[in-house]
Amino acid sequence: MTLSTMTESDLLAGVLDLCRTLGWRTLHVRPARTAHGWRTPIQGDGAGWPDLFAVRRERIVAAELKVGRGKLSDDQDRWLDDLAAAGVDVHVWRETDYPDAIAEMLR
């Protein structure tokens, strides 16, 4: 797989592997396909929640993953802003950040 063929799922799998290797506990909420399209079974204000939430010791990281020209939605942007204001280390990671830049941020 080259960077130009990497999907967001590929990027997520790679980042989850990096997190495991570096000792992070992670959470990714996956949507499920229903008769009415893709849905993520959550309650509250979950629309736009980051793709990855990770904790290691005193650090918390929230990351939105994008490939190609993918852009943040308004909901995603608001979550990252609010989490950053609360002291969470927030990132938008792209396939061009994988693996080196992402691994550096997780060290």
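The values are calculated or read from the model by the stated rules, or taken from the named source; none is laboratory data. Please read all numbers here as calculations on a predicted model, not as lab measurements. Virtual Cβ from ideal backbone geometry, glycine too; neighbours counted across all protein chains shown.
Do you know which residues across the range 83-107 are in a helix (DSSP H, G or I), among the small types (Gly, Ala, Ser) and touching a residue at least 24 places away in the same chain (Cβ under 8 Å)?
Scanning the range 83-107 gives a single hit, Ala103.
Have a look at Leu11, Leu80, Leu16 and point out the one that is touching a His at 6+ places or on another chain (Cβ under 9 Å), surrounded by 19 or more Cβ atoms within 10 Å (Cβ to Cβ) and outside any strand (DSSP E or B). Don't jump to the end; show me each part of the working.
Details: Leu11 fails: touching a His at 6+ places or on another chain (Cβ under 9 Å); Leu16 fails: surrounded by 19 or more Cβ atoms within 10 Å (Cβ to Cβ).
Going through Leu11, Leu80, Leu16 in turn, just one is touching a His at 6+ places or on another chain (Cβ under 9 Å), surrounded by 19 or more Cβ atoms within 10 Å (Cβ to Cβ) and outside any strand (DSSP E or B): Leu80.
What tally of residues in the range 24-66 results from selecting those that are of a type in the set (Val, Ile, Thr), free of Cβ contacts under 8 Å to residues at least 12 places away in the same chain and touching a strand residue (DSSP E or B) at 6+ places or on another chain (Cβ under 8 Å)?
The qualifying residues number 1.
Any idea which of (1) on the phi > 0 side of the Ramachandran plot; (2) of a type in the set (D, E, K, R); (3) crowded, with 17+ Cβ neighbours inside 10 Å is the one Asp97 doesn't satisfy?
For Asp97, the exception is condition (1).
Anything in the range 28-54 that is modelled with pLDDT of 95 or more and either within 17 Å of Ala103 (Cα to Cα) or of a type in the set (D, E, K, R) (or both)? List them, or say none.
The answer is Asp51, Leu52, Phe53, Ala54.
Restricting attention to the range 59-67, does a residue exist that is surrounded by fewer than 11 Cβ atoms within 10 Å (Cβ to Cβ) and among the charged types (D, E, K, R)?
No, the range 59-67 contains no residue that is surrounded by fewer than 11 Cβ atoms within 10 Å (Cβ to Cβ) and among the charged types (D, E, K, R).
Out of the range 21-54, which residues are surrounded by 15 or more Cβ atoms within 10 Å (Cβ to Cβ), among the hydrophobic types (A, V, I, L, M, F, W, C) and out of contact with any His (no Cβ under 9 Å at 6 or more places or on another chain)?
Trp24, Trp49, Ala54
Taking only the range 23-66 into account, find how many residues are over 16 Å from Ala84 (Cβ atoms), in a strand (DSSP E or B) and charged (D, E, K, R).
5
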